[in-house]
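Notes follow the structure.
The values are calculated or read from the model by the stated rules, or taken from the named source; none is laboratory data. None of the values given here were measured: they were computed from a predicted structure. Every residue, glycine among them, receives a Cβ derived from its backbone with ideal geometry; neighbour counts consider all protein chains shown. Ligands, DNA and RNA are excluded from the accessible area calculation, which covers all protein heavy atoms including side chains. Shrake-Rupley method; radii C 1.70, N 1.55, O 1.52, S 1.80 Å.
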Amino acid sequence: MQLVERIRDTRDEAAFAEVFGHFAPRVKAFLMKSGAEAPLAEECTQEVMATLWHKAHLFDPERASVATWVFTIARNRRIDALRRQKRPAPQDLPWGPEHTPDPVEVTALQQESAQLAKALSVLPETQRTLIERAYFGDLSHSEIAAETGLPLGTIKSRIRLALNRLRHEMSK
């Protein structure tokens, strides 16, 4: 814990090197045991260690040990990598003139966008900001929790409540 505090407080590179030397091989082994191929495990490990360096200020020894925090980041990076792999590849862009949208489609999209903006405006501030970070900021729940300091369960609950309210408002 003292090493992470030195990284957090003074950006101590020697402390980071020591933490890196201790955790990097363990994180890579953990990721490989969870099914990641060696190159992906190496990439995720580098991301985990970079996150530790850049977000050491978010570490709270009252909430978790350093190992728990590091391995939680590793697990989340692995999940993110799996999600990226499952995304379909973009299809080839067609050549030629662009499709001109039907005016009825344009009007419907504009109305739906206005309805969504209105629905977002009636959400409580705590829920609206989380929805904006998750969907407009393209952040994972874990990244939002790390940035806000709120527990992950609270983030998930507030987003779920907000989505239910948005569905209700959009169905009116």
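Among the residues of segment 133-172, count how many are part of a helix (DSSP H, G or I) and either of a type in the set (Phe, Trp, Tyr) or open to solvent by 70 Å² or more (accessible area, probe 1.4 Å) (or both). Before the answer, list the steps.
Filtering segment 133-172 down to residues part of a helix (DSSP H, G or I) leaves 133-136, 141-148, 152-170.
Pick out the ones that are also either of a type in the set (Phe, Trp, Tyr) or open to solvent by 70 Å² or more (accessible area, probe 1.4 Å) (or both) and you get 133, 135-136, 147, 156, 158, 160-161, 164-165, 167-168.
Qualifying residue count for the region: 12.
Would you say VAL48 is surrounded by 17 or more Cβ atoms within 10 Å (Cβ to Cβ), in contact with a helix residue (DSSP H, G or I) (Cβ under 9 Å, 6 or more places away or on another chain), more than 21 Å from GLU143 (Cα to Cα) and not charged (D, E, K, R)? Here the answer is no, as VAL48 does not meet what is asked.
Scanning segment 102-132 for residues that are farther than 27 Å from ALA64 by Cβ, part of a helix (DSSP H, G or I) and aliphatic (A, V, I, L, M) returns VAL104, VAL106, ALA108, LEU109, ALA114, LEU116, ALA117, ALA119, LEU120.
Return yes when ILE73 is part of a helix (DSSP H, G or I) and crowded, with 16+ Cβ neighbours inside 10 Å and no when it is not. Yes.
In this entry, THR45 is excluded by the filter for residues that are closer than 20 Å to LEU150 by Cβ, at pLDDT 85 or above and either outside any helix (DSSP H, G or I) or under 18 Å from the mean Cα position of the chain (by Cα) (or both).
Of the residues in segment 112-131, at least one is surrounded by 13 or more Cβ atoms within 10 Å (Cβ to Cβ) and of a type in the set (D, E, K, R).
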